[in-house]
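Peer 1: Provided herewith is a single structure, encoded as structure tokens, for subsequent inquiry.
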Number of protein chains: 2
Amino acid sequence: MELKEIGKAAVAARYKIENLNTNEKNNALIKVAEALVENSSDIISANEIDMENGRNGGMTAAILDRLKLDESRIRNMAEGLKKVALLEDPVGEVMDMSKRPNGMVIGKRRVPLGVVGIIYEARPNVTSDAFGLCFKSGNVVILKGGSDAINSNKAIVKVIREALCKCGITPDCISLIESTDRAVTVEFMKMNEYIDLLIPRGSAGLIKATLDNSTIPVIETGTGNCHIFVDKSADVNMAVNIVVNAKTQRIGVCNACESLVVHRDILKEFLPEAVKALKEYNVEIRGDKEAMEVCMEDIIPASEEDFYTEYLDYIISVKTVGSIDEAIEHINKHNTKHSEAIVTEDYNNANKFLDKIDAACVYVNASTRFTDGEEFGFGAEIGISTQKLHARGPMGLKELTTYKYIIYGSGQIR
Amino acid sequence: MELKEIGKAAVAARYKIENLNTNEKNNALIKVAEALVENSSDIISANEIDMENGRNGGMTAAILDRLKLDESRIRNMAEGLKKVALLEDPVGEVMDMSKRPNGMVIGKRRVPLGVVGIIYEARPNVTSDAFGLCFKSGNVVILKGGSDAINSNKAIVKVIREALCKCGITPDCISLIESTDRAVTVEFMKMNEYIDLLIPRGSAGLIKATLDNSTIPVIETGTGNCHIFVDKSADVNMAVNIVVNAKTQRIGVCNACESLVVHRDILKEFLPEAVKALKEYNVEIRGDKEAMEVCMEDIIPASEEDFYTEYLDYIISVKTVGSIDEAIEHINKHNTKHSEAIVTEDYNNANKFLDKIDAACVYVNASTRFTDGEEFGFGAEIGISTQKLHARGPMGLKELTTYKYIIYGSGQIR
């Protein structure tokens with residue numbers, strides 16, 4: 001199908017589904033989940049073609065692993081949809097309703113955004129995850145997945161569309177752009193007439209390309225150069241635990257800690273303990289001069305570049321500061337507005353850090369790894385926003401909605 | 001000053017002012033208001049240069065009128081700032097705070113966006129209005145006004161900066177881009193490193209140019225192809241009043257009615273009355289075939305183009321439909337997602353219209369002219385958003401803020 005045709009079908013579908021009731025949506029999600037499991041052999045066969053192409057094309061083992069689908073992964077995708085069915089439906093909530101002096105009653109009603117475009121790379125599970133969240137929040141989704149996963153995505157979308165049809169719901173709730181031509185992707189990013197929001201999910205390069213080319217509103221997600229500041233009053237044991245957890249519990253995620261900022265007055269007490277613990281996980285430590293002086297053998301020099309780097313790897317940078325103000329300035333200059341933490345026993349410094357750090361999530365005495373839809377109690381997330389408009393931090397179902405003012409009058413004129 | 005220098009100064013200023021308390025901000029707003037009045041002769045002299053250039057350049061009377069500043073208009077600008085001082089400070093509000101199962105306490109704190117860029121045309125009063133709203137909400141503002149008003153804007157910004165200095169507040173809370181080079185404007189639209197939000201205020205052309213060029217998040221404002229649907233059950237008298245008010249009360253505004261959609265069953269009863277009333281204001285009426293048949297002499301033919309047109313003039317289009325569903329489809333196809341109204345006595349049709357119309361503001365039995373920050377009770381507005389992300393409809397102080405998650409832990413790791 002041509003891009004424009006997909007857009008038109010999506011707009012038509014969105015008007016059909018925006019007022020589906022919660023039971024209808026939940027029922028469809030469960031039916032789609034069952035269909036994925038029932039058709040798993042078809043999906044796995046299609047995935048095998050992508051895997052074969054990937055192997056022939058010299059794809060790395062890590063990317064091949066992300067691309068791979070098997071019975072258990074398809075069951076997980078299905079479970080994900082069933083979990084979304086259990087989440088509260090955000091659509092229809094009415095907020096701030098009040099009567100104006102002239103007698104008009106005004107309120108804000110939560111409504112779907114309309115059509116959401118998702119651009120992603122070779123993770124076929126995103127196909128069903130994104131569908132589930134968009135559908136439950138009353139949105140139509142148009143997907144542009146990575147060309148490496150095209151056969152897998154086609155197979156998954158086919159199953160979802162067929163299952164929707166069986167529920168009497170238009171299959172155009174989900175569409176896949178099958179062309180793998182880059183020009184088509186750029187055209188997709190300019191379809192303001194049909195698409196209300198574009199969410200790129202993937203590498204920093206993908207996000208930048210989307211921002212540069214899109215004329216549709218974009219939500220930037222998932223770049224995290226996250227810091228932990230160990231204040232001079234920190235509980236050393238707690239600080240070491242938090243740093244090790246935030247750095248090593250999962251290495252390739254956007255809420256992992258990439259940089260350690262340490263108050264000079266606690267450096268000698270804290271750093272050797274932290275270095276010892278990090279070394280057990282083979283973390284490479286790149287520090288400034290003062291840090292190196294404390295832990296000579298275990299730290300290599302950090303460049304200014306390091307302090308801007310999201311490693312997504314067993315590497316961490318260390319910066320020494322003389323005050324909390326210096327720490328805050330350093331972090332606000334180098335961070336990506338994702339998640340930042342202070343470890344402190346000082347009441348005023350805890351509050352100052354919460355006040356002055358510019359990030360989606362600011363922590364006192366906890367690991368940055370908690371920045372996550374599940375952990376925040378949203379159940380699931382479509383991504384973690386690092387921009388300031390519309391939604392910040394983990395984006396759940398509510399963040400996939402907007403509102404409209406509804407006004408009940410009785411003939412008022414101005 | 002170079003653009004980059006302005007950007008850097010703005011970012012430095014934003015960290016300084018984001019935690020000013022409400023009294024400090026209100027006090028400064030009042031001092032700035034007083035300074036504008038005290039320095040009105042300087043501002044008027046500068047404005048005279050712009051007026052002279054405008055007259056020599058063949059500027060229309062309407063635009064010259066927008067450009068003109070006199071004692072009374074400057075006093076109005078000052079009053080506007082004092083009114084903003086009286087509005088509630090949105091910054092600092094904490095929402096949805098709760099304890100998670102692991103003991104962490106999570107909440108959303110309302111914070112300023114940071115740096116807001118405003119691009120506007122030859123309305124020098126926007127200079128102080130935009131400053132007032134941005135400053136009260138804790139934001140720094142960078143202004144790019146129309147080249148026709150450059151001398152006026154320079155004079156106003158100079159007065160504001162000096163008054164801020166006298167209050168001990170950094171003058172970089174407001175900056176004006178003085179270059180009138182278009183390339184500089186385009187560069188401004190790509191300053192993601194420094195600017196969090198861009199709001200174009202002005203013509204559809206300005207807004208489109210901003211959307212096409214900006215890599216910064218943009219809020220689209222103020223294009224309003226607003227409809228009134230007169231249902232078959234409408235109170236004819238009420239319908240005529242609402243249509244006349246929405247079309248003629250103020251002609252050049254985005255919430256004026258541009259198109260009338262009439263149910264066939266009430267056409268003969270309603271349309272002659274409406275036409276008669278509109279003709280008293282010399283409104284030109286462009287209708288479809290059925291409308292023309294009812295009011296032969298007073299209606300000229302409408303083209304499909306007419307139904308997409310925001311006239312901002314004494315012109316209205318008329319479309320006849322056979323059902324509320326047809327009306328909804330027509331409106332959703334042609335509107336700009338601004339404000340739409342139904343006039344009806346039918347309970348189910350009122351609800352259907354509220355449910356199915358996609359617009360920032362959906363009215364039952366009231367004029368579209370109420371879509372306005374003052375009328376909605378926000379006190380003032382920076383514009384009326386016609387997009388769906390972040391804010392919809394009139395944008396007041398709250399809509400110039402974002403939130404950050406603040407998390408109080410006690411050593412939690414994942």
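Peer 1: Of B:Lys99, A:Lys232, which has the most accessible area with a 1.4 Å probe, and how do the rest follow in descending order?
Peer 2: Largest to smallest exposure gives the sequence B:Lys99, A:Lys232.
Peer 1: Could you order A:Met191, A:Met95 by accessible surface area, starting with the largest, using a probe radius of 1.4 Å?
Peer 2: These residues rank, largest area first, as A:Met95, A:Met191.
Peer 1: Accessible area drop of at least 40 Å² (1.4 Å probe, protein heavy atoms): which residues of segment B:217-255 qualify, relative to the chain alone?
Peer 2: Buried by 40 Å² or more upon assembly, which counts only protein chains, are B:Pro217, B:Asn245.
Peer 1: Next up: Roughly how big is segment A:324-380's charge dipole about its Cα centre, with Cβ charges of +1 (Lys, Arg) and -1 (Asp, Glu), in debye to the nearest 20?
Peer 2: 140
Peer 1: Considering chain B as a Gaussian network with a 10 Å cut-off on Cα pairs, which listed residue, B:Lys108, B:Lys190, B:Lys398, attains the greatest mean-square fluctuation?
Peer 2: B:Lys108
Peer 1: What three numbers, in Å, describe the spread of the alpha carbons of segment A:157-263 along their principal axes, ordered from the longest?
Peer 2: Ordered largest first, segment A:157-263 gives principal extents of 60, 35, 22 Å.
Peer 1: So which aspartates and glutamates can A:Lys144 reach, going by Cα to Cα under 12 Å and dropping same-chain residues fewer than 8 places off?
Peer 2: Cα-Cα hits under 12 Å: A:Glu121, A:Glu178, A:Asp181, A:Glu187.
Peer 1: Here is a follow-up. Is it possible to state the helix-based mean residue ellipticity at 222 nm for chain B, with each DSSP H run of 4+ residues giving -39500 (n - 2.57), the sum divided by total residues, to the nearest 500 deg cm²/dmol? What is it?
Peer 2: Per the formula, -13000 deg cm²/dmol.
Peer 1: Another question, if that's okay. Find how many whole Å separate the alpha carbon centroid of segment A:127-156 from the alpha carbon centroid of segment A:344-372.
Peer 2: Taking the Cα centre of segment A:127-156 as reference, the centre of segment A:344-372 is 35 Å away.
Peer 1: Let me ask something else. Going Cα to Cα from A:Lys16, which aspartates and glutamates come in below 18 Å? Please leave out same-chain ones fewer than 8 positions away.
Peer 2: A:Glu5, A:Glu24, A:Asp89, A:Glu162, A:Asp172, A:Glu193, A:Asp196, B:Asp325, B:Glu326, B:Glu329, B:Asp355, B:Asp358
Peer 1: Given H placed 1.01 Å from N in the peptide plane, which residues other than close sequence neighbours of A:Gly92 have an amide H under 5 Å from its amide H?
Peer 2: Residues meeting the amide H criterion: A:Arg110, A:Val111.
Peer 1: Compute for chains B and A the buried accessible surface, both sides summed, probe 1.4 Å, and express it in Å² to the nearest 100.
Peer 2: It comes to approximately 6000 Å² buried between B and A.
Peer 1: Return the tail of the calculated pair distribution for chain B, meaning the percent of Cα-Cα pairs more than 32 Å apart.
Peer 2: Summing the P(r) tail past 32 Å for chain B gives 44 percent.
Peer 1: If you count only protein heavy atoms and use a 1.4 Å probe, how large is the accessible surface of B:Lys31, to the nearest 10 Å²?
Peer 2: 90
Peer 1: Further question: Size of the protein assembly as shown along its principal axes in angstrom, Cα-based, largest extent first?
Peer 2: Cα spread of the protein assembly as shown along its principal axes, largest to smallest: 93, 73, 44 Å.
Peer 1: Right, something else. Tell me the per residue accessible area of segment A:156-199 using a 1.4 Å probe; a whole number in Å² is fine.
Peer 2: Spelled out: the 1.4 Å probe surface of segment A:156-199, per residue, equals 45 Å².
Peer 1: Can you work out the FRET efficiency for the pair B:Lys333 and B:Ser233, with r the C-beta to C-beta distance and R0 = 25 Å, to the nearest 0.05?
Peer 2: 0.60
Peer 1: Now for a different question. If one computes P(r) from the Cα atoms of segment B:226-374, what percent of pairs lie at distances over 21 Å?
Peer 2: 33
Peer 1: In addition: Give me the percent relative contact order of segment B:226-374, please, defined on Cα pairs under 8 angstrom at least 6 residues apart.
Peer 2: This gives 33 percent for segment B:226-374.
Peer 1: Under unit Cβ charges (Lys, Arg +1; Asp, Glu -1), what dipole magnitude, rounded to 20 debye, does segment A:226-374 have relative to its Cα centre?
Peer 2: 160
Peer 1: Given the options B:Asn245, B:Cys134, B:Ser323, identify the residue whose Cα lies farthest towards the positive end of the charge dipole of chain B (+1 on Cβ of Lys, Arg; -1 on Cβ of Asp, Glu).
Peer 2: B:Cys134
Peer 1: While we're on this one: Pick out which of B:Arg66, B:Arg75, B:Arg14 has the largest mean-square fluctuation in a Gaussian network model of chain B, springs linking Cα atoms closer than 10 Å.
Peer 2: B:Arg66
Peer 1: Please check which bits of segment A:164-183 a label hung off A:Ile49 would reach, taking the label as a point 7 Å along Cα-to-C-beta and the cut-off as backbone N under 17 Å.
Peer 2: A:176-181
Peer 1: Between segment A:204-270 and segment B:273-333, how many Å separate their Cα centres?
Peer 2: Cα centroid to Cα centroid, the span is 58 Å.
Peer 1: Using a 1.4 Å probe on the protein chains only, how many percent of the accessible area of segment B:139-229 belongs to carbon and sulfur?
Peer 2: 48
Peer 1: Now a separate question. Under a 10 Å cutoff between Cα atoms, tell me which one of B:Met104, B:Met51, B:Met238 has the largest fluctuation in the Gaussian network model of chain B.
Peer 2: So, out of B:Met104, B:Met51, B:Met238, the one fluctuating most is B:Met104.
Peer 1: Also: When the dipole is taken about the Cα centre of chain A, and only Lys, Arg (+1) and Asp, Glu (-1) are charged at their Cβ, what size is it in debye, to the nearest 20?
Peer 2: Computed about the Cα centre, the dipole is about 1900 debye.
Peer 1: Considering only protein heavy atoms, what is the solvent-accessible area of A:Glu374 at a probe of 1.4 Å, reported in Å² to the nearest 10?
Peer 2: That residue has around 90 Å² of solvent-accessible surface.
Peer 1: Next up: By DSSP, what percent of the beta bridges with both residues in chain B are antiparallel, rounded to the nearest 5?
Peer 2: Percent antiparallel among DSSP bridges in chain B is about 30.
The values are calculated or read from the model by the stated rules, or taken from the named source; none is laboratory data. Just so it is clear, the structure is predicted and the values come from calculations on it, not from any experiment. Cβ atoms come from the backbone with ideal geometry, glycine included; neighbour counts cover every protein chain shown. Quick note on the areas: whole protein, heavy atoms, side chains included, nothing else; ligands and nucleic acids left out. Shrake-Rupley method; radii C 1.70, N 1.55, O 1.52, S 1.80 Å.
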